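Scroll down for the structure; my scribbles are underneath it.
The values are calculated or read from the model by the stated rules, or taken from the named source; none is laboratory data. The structure presented is a predicted model; accordingly, all values stated were derived computationally and were not measured. So basically every Cβ, Gly included, is an ideal-geometry build from the backbone, and we count neighbours across all protein chains shown. Side chains are part of the model used for accessible areas, which takes the heavy atoms of the whole protein and leaves out ligands, DNA and RNA. Shrake-Rupley method; radii C 1.70, N 1.55, O 1.52, S 1.80 Å.
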Protein chains: 2
Amino acid sequence: MGKQPKTAITPTRAEDYPQWYQQVIKSADLAEVSPVRGCMVIKPWGWSIWENMQGVLDRMFKDTGHVNAYFPLFIPMSFLEKEAEHVEGFAKECAVVTHHRLEPGPDGGLVPAGPLEEPLIVRPTSETIIGSMYAKWVQSYRDLPIKINQWANVVRWEMRTRMFLRTTEFLWQEGHTCHATEEEALEETRLMLDVYADFAENTMAMPVIKGEKTADERFPGAVSTLTIEAMMQDRKALQAGTSHFLGQNFSRAQDITYQDQAGELQHAWTTSWGVSTRLVGALIMTHSDDDGLVIPPKLAPSHVVILPIYKNDEQRSVVLEYCDQLQKQLKEQTYEGEPIRVIMDDRDIRGGEKKWYHIKRGVPIRVEVGPRDIENGNVFMSRRDTGESNGVSRDEFVTQVGTILTEIQSSLFDQALKLREDNSRTIDTLDEFREYFTPEDKDALEIHGGFASSHFCEDAPEVQKVLGELKVTTRCIPLDQEQEPGTCIFSGKPSTGRAVFGKSY
Amino acid sequence: MGKQPKTAITPTRAEDYPQWYQQVIKSADLAEVSPVRGCMVIKPWGWSIWENMQGVLDRMFKDTGHVNAYFPLFIPMSFLEKEAEHVEGFAKECAVVTHHRLEPGPDGGLVPAGPLEEPLIVRPTSETIIGSMYAKWVQSYRDLPIKINQWANVVRWEMRTRMFLRTTEFLWQEGHTCHATEEEALEETRLMLDVYADFAENTMAMPVIKGEKTADERFPGAVSTLTIEAMMQDRKALQAGTSHFLGQNFSRAQDITYQDQAGELQHAWTTSWGVSTRLVGALIMTHSDDDGLVIPPKLAPSHVVILPIYKNDEQRSVVLEYCDQLQKQLKEQTYEGEPIRVIMDDRDIRGGEKKWYHIKRGVPIRVEVGPRDIENGNVFMSRRDTGESNGVSRDEFVTQVGTILTEIQSSLFDQALKLREDNSRTIDTLDEFREYFTPEDKDALEIHGGFASSHFCEDAPEVQKVLGELKVTTRCIPLDQEQEPGTCIFSGKPSTGRAVFGKSY
């Protein structure tokens, strides 16, 4: 019997995927639970990844003609009530501010005082508060379109939380746009879905399926919700970003009207779209392995870490000087048009411990430099994604580092795409569908099945029944599918197309 | 009698300074009141200024060894209670979350439901929640220092609000650091004050006095509070940033302890420091004039606006092409190491209206280009700060644009410094002090007096009495003053130095 290779993360993905996820976060020092129920603390390494995501997305939003602004954290309760489906969707899970000060209570401790006339809701999303401003700002067709994005925190009182994926408070961006015509609003909804898909695939190295949500998965108050869906390594689906076409629902509820060129009063057409810190969770679950976090270079806070190795003070000064120079040289190289981000770790701790520290934190390239490497004009380079290590000449490494990062980025995408392709199946019978999503061994439930592409009809009651039994959900109706006639595998009725089904987060 | 020159802003600064301030904000489209009491909407142009401030500050924080992270929006009520002065300072003005959902009430509307076991406070500042994490993270001297910054929104329930200067919700950064020694924490407190002063003077072009707050103006729970104080154009002082040495007050209240090198358990030493969107208000009140906003180039969302001028379609195509090329040329020039930010305004509105639009928004340089300018190879350039306009050759303008921006930046600083110097006085008698701060004409109250530098003794009851009568406050005890013997002008007792006094925001 061969010995199991030792991994830095216990348990491994195969042993216990949810627990593995928590351990990757812990060992990469990304985040931690806080003393506030359901809220997390995002630690510096985790925050830098989100900061990098923000930087890329913000540029993409600006390049597509959007500007940033900021609206209040609080929403008057009456605003939420204006759109019936909207309030239905959020009333059950919101933080309610009812008082505006604390006073000494009868037993010496503090008690809430200064009751508010109208309770305020901590924003779960900002359609209503932003819409109330748009109603003021929009008078004429000349005031349109309005294309605003906001980076903000939002609160949804979640009962079951999981770090990054579902927390009571989370950080996100929410775009809110307002247009004169239905066509333009639909175009915007689709454009922002494309921006999200581009970001997911080209920056996060995470392949996604673009599609439309079915009615029961729609954003509360939307006419249609577009989504990007990614497959995690346990074969579950994760909704990574959504773009909503709100039609005139919110503009009617909030009286966002404009005079058109003919002088007629019209209701505007609105959209909203968002991605959140959940993407950090998606990143972790897409690329990380049994040794911890793996970060695609485009989002890595550090691209390269230099690890000086020495045994005594004499070696120390020679090695550190060499490493200093190497660091300078590397910083003069570029990746994606920006200087390579290099750190040197000269902390006085054991070499093995130091190496594993950076493996677990997912730095794409590690470079070890000892006295012998210096003699030979070499460095010892390791890639985090493949684990490959080899000695290369320093000059070669310096000139090649940008290319290696490009390779890592694309190899991570390919690997994730292969996983999805290997675990997606076109299924045309209910028996096969059931079998696909039913584990032989109940304990292996987490990793059974993947994505099934099957004909269905949205309104058939049979669909929800079977899905409920199997704990499977409709992920989306892919946008780019060929129209083919078919039969709903659940009801036997004619179908209008296939949907992608999967277990999900 | 000469005709009054017409100004874009009514009233002027001299006529009604507070109203002028509101009108500058309105006419530059920086912000607007929201339907939520005391909360404002920061509009795109105002947000870009804050975004630019964030960019510069964030780099300065990172360059001084800080990292960003994110902590929860909510603070359990019991956390606030741990530090007695701290809770005293914030209990009277905080938003209290008491419920976590809404339910249909008896009259059909919604009512708060799901009462929380312990109320949550929307953070007014985060010493206690961050401290509770530091208490976990710090075990040994090896874990120190911790130097974390957070960009966040905070809420203080203000009864009298003024846009940017004092709002219920505002945006800020809060640095929280934790050190092994008192000396190191004091050094950090001072370092961050220097960073703020550097930012105020070199980026905002706003001269500041660095000093220490007196006991009654200290941050609740701090051992000492350092401040930067700026003079606005109505001669009032504005506290623009503070850096607090918290001693061991919070580490004792929250049990932040570490084992030192000798194995002894010690309480850590902490600091906190912050600046907020209030700086946007400071910027407005420092530089703007009776024609509206003036933005120092380093923070301007656009450095240059190009205004094409034409009378017919034929001219239009020639002028627009010329302007396009000019825009490209300008974007290849740099200011402060980055490409010049240029916009072209080719909206189909009246030339005068368009020009005043950009004057009121404070774009540092306007360039008008008409058919005659093109014939002569010229552009017609205007500086927002001085109002100077002149035709210059296009080539000269393109090569000089960076230099002109540098001139504008330093000229704005000089002007603000001159205002402060002209309105600061060393005062050594109580009579002169009273006279300085007492307007002859009660209606002119807003602009009477400036900064007075006078000897005082902090504990004398006479001081607060006189200051209260005059509506003057101790701004700070300047850090860089020469030690000289003196007599408190209020009590006649020996003084330890001078303080700066002024009316304030």
Legend entry - With DNA, RNA and ligands ignored, accessible area of A:E336 (1.4 Å probe; Å², nearest 10): 120
Inset, instruction - Determine one quarter of the surface area of the Cα convex hull of the protein assembly as shown, which equals its mean projected area, and express it in nm² to one decimal. - result: 51.4
Inset, instruction - Rank-order A:186-192, B:372-378, B:310-316 by packing density, defined as the average count of other C-beta atoms within 10 Å over each peptide's residues, highest first. - result: A:186-192, B:372-378, B:310-316
Inset, instruction - Using packing as a proxy for protection, rank B:114-123, B:134-143 so that the peptide with the highest average count of other Cβ atoms within 10 Å comes first. - result: B:114-123, B:134-143
Inset, instruction - Would you mind putting A:7-13, A:203-209 in packing order, based on average other-beta-carbon counts within 10 Å, highest first? - result: A:203-209, A:7-13
Legend entry - Set of the stretch B:356-375 residues, backbone N closer than 20 Å to the point 7 Å along the Cα-Cβ line of B:Q400: B:363-370, B:372-375
Inset, instruction - Divide the volume of the convex hull of the Cα atoms of the stretch B:350-415 by its number of residues and quote the answer in cubic angstrom per residue. - result: 77
Inset, instruction - In whole angstrom, note down how far apart the Cα centers of the stretch B:96-153 and the stretch A:22-47 are. - result: 15
Inset, instruction - Provide the net charge surrounding B:E174, with neighbours chosen by a C-beta distance below 15 Å and charges set as Lys +1, Arg +1, Asp -1, Glu -1. - result: 0
Inset, instruction - Whenever you get a sec, line up B:L102, A:L419 from highest to lowest accessible area (probe 1.4 Å, protein heavy atoms). - result: A:L419, B:L102
Inset, instruction - Could you tell me which of rounded, prolate or oblate describes the stretch B:106-236, using a ≥ b ≥ c as the square roots of the eigenvalues of the alpha-carbon gyration tensor, with rounded for a/c under 1.5 and, failing that, prolate when a/b is larger than b/c and oblate otherwise? - result: oblate
Legend entry - Global form of the stretch A:209-293, assessed from the alpha-carbon gyration tensor, a/c cut-off 1.5: prolate
Inset, instruction - Take every DSSP beta bridge with both residues inside chain B and express the antiparallel ones as a percent of the total, to the nearest 5. - result: 85
Legend entry - Complex-versus-alone comparison for the stretch B:98-123, residues with a loss of 50 Å² or more in accessible area, probe 1.4 Å: B:H100, B:L102, B:L110
Legend entry - Calculated P(r) tail over 18 Å for the stretch B:241-394, as whole % of Cα pairs: 68
Inset, instruction - Return, in residue-number order, each cysteine of chain A whose C-beta is not under 4.7 Å from any other cysteine's C-beta. - result: A:C39, A:C94, A:C178, A:C323, A:C476
Inset, instruction - Could you order B:V56, B:V367 so the one with the most accessible surface comes first? Probe is 1.4 Å. - result: B:V56, B:V367
Inset, instruction - Taking the Cα centre of the protein assembly as shown as origin, work out the dipole magnitude from +1 charges on Lys and Arg Cβ and -1 charges on Asp and Glu Cβ, in debye rounded to 20. - result: 280
Inset, instruction - Please give the average number of partner chain Cβ atoms lying within 10 Å of the Cβ of each residue in A:41-49, rounded to a whole number. - result: 5
Inset, instruction - Please say if the stretch B:38-153 is rounded, prolate or oblate, where rounded means a/c under 1.5 for a ≥ b ≥ c the square roots of the C-alpha gyration tensor eigenvalues, and otherwise the choice is prolate for a/b larger than b/c and oblate otherwise? - result: oblate
Legend entry - Debye, to nearest 20: dipole size of the stretch B:50-206, +1 on Lys, Arg Cβ, -1 on Asp, Glu Cβ: 380
Inset, instruction - Quick one: compute the contact order of chain B, relative version, from alpha carbon pairs under 8 angstrom and 6+ residues apart, as a percent. - result: 14
Inset, instruction - Averaging sequence separations of C-alpha pairs under 8 Å and six or more residues apart, then dividing by the length of the stretch B:279-409, give the relative contact order as a whole percent. - result: 30
Inset, instruction - Arrange the residues B:S272, A:S424 by how much accessible surface each exposes, largest first, with a 1.4 angstrom probe. - result: A:S424, B:S272
Legend entry - Descending semi-axes in whole angstrom, ellipsoid equivalent of the stretch A:20-81, from the Cα gyration tensor: 29, 23, 9
Inset, instruction - Nearest 100 Å² is fine: how much accessible area is buried between A and B, summed over both sides, with a 1.4 Å probe? - result: 4900
Legend entry - Share of carbon and sulfur in the accessible heavy-atom surface of the stretch B:192-340 [1.4 Å probe, %]: 39
Inset, instruction - Normalising by the residue count of the stretch A:356-422, find the relative contact order in percent from Cα pairs under 8 Å and 6+ residues apart. - result: 22
Inset, instruction - Rank B:Q333, B:I349, B:S382 by how far each Cα sits towards the positive end of the charge dipole of the stretch B:306-408 (+1 on Lys, Arg Cβ; -1 on Asp, Glu Cβ) and give me just the farthest. - result: B:I349
Inset, instruction - Find how many whole Å separate the alpha carbon centroid of the stretch B:352-428 from the alpha carbon centroid of the stretch A:286-308. - result: 48
Inset, instruction - Treating the angle as unsigned and between 0 and 90°, give the value, to the nearest 10°, between the Cα long axis of helix B:313-332 and the longest Cα principal axis of chain B. - result: 40
Legend entry - Cβ neighbours within 10 Å from other chains - mean over B:70-83: 6
Inset, instruction - Looking at the stretch A:292-413, send over the antiparallel percent of its DSSP beta bridges, to the nearest 5. - result: 60
Legend entry - Charge tally in the Cβ shell below 12 Å around B:V304, where Lys, Arg are +1 and Asp, Glu are -1, B:V304 excluded: +3
Inset, instruction - Any chance you could get the radius of gyration and Dmax over the Cα atoms of the stretch A:140-196, in Å? - result: 15.4, 46
Inset, instruction - Please calculate the 1.4 Å probe accessible area of A:D422, with all protein chains present, and give it to the nearest 10 Å². - result: 100
Inset, instruction - Compute the distance in nm between two label points, each set 7 Å from the Cα along the Cα-to-Cβ direction, one at B:E332 and one at A:T487. - result: 6.8
Inset, instruction - Starting from the stretch A:378-435, pick out the GluC sites (Glu not before Pro) whose DSSP state is loop and whose Cβ has at most 14 other Cβ atoms within 10 Å. - result: A:E388
Inset, instruction - Please report, in cubic angstrom per residue, the volume enclosed by the convex hull of the alpha-carbon atoms of the stretch B:370-505. - result: 150
Inset, instruction - Might you work out the accessible area of A:H66 for me, using a 1.4 Å probe with all protein chains in place, and round it to the nearest 10 Å²? - result: 10
Legend entry - Taking all pairs of distinct alpha-carbon atoms in chain A, Kirkwood radius in angstrom: 25.4
Inset, instruction - Give me the accessible area per residue for the protein assembly as shown, probe 1.4 Å, as a whole number in Å². - result: 42
Inset, instruction - Just grab the label-to-label distance for A:D422 and B:T10, each label 7 Å out from Cα along the Cβ direction, in nm (one decimal). - result: 7.5
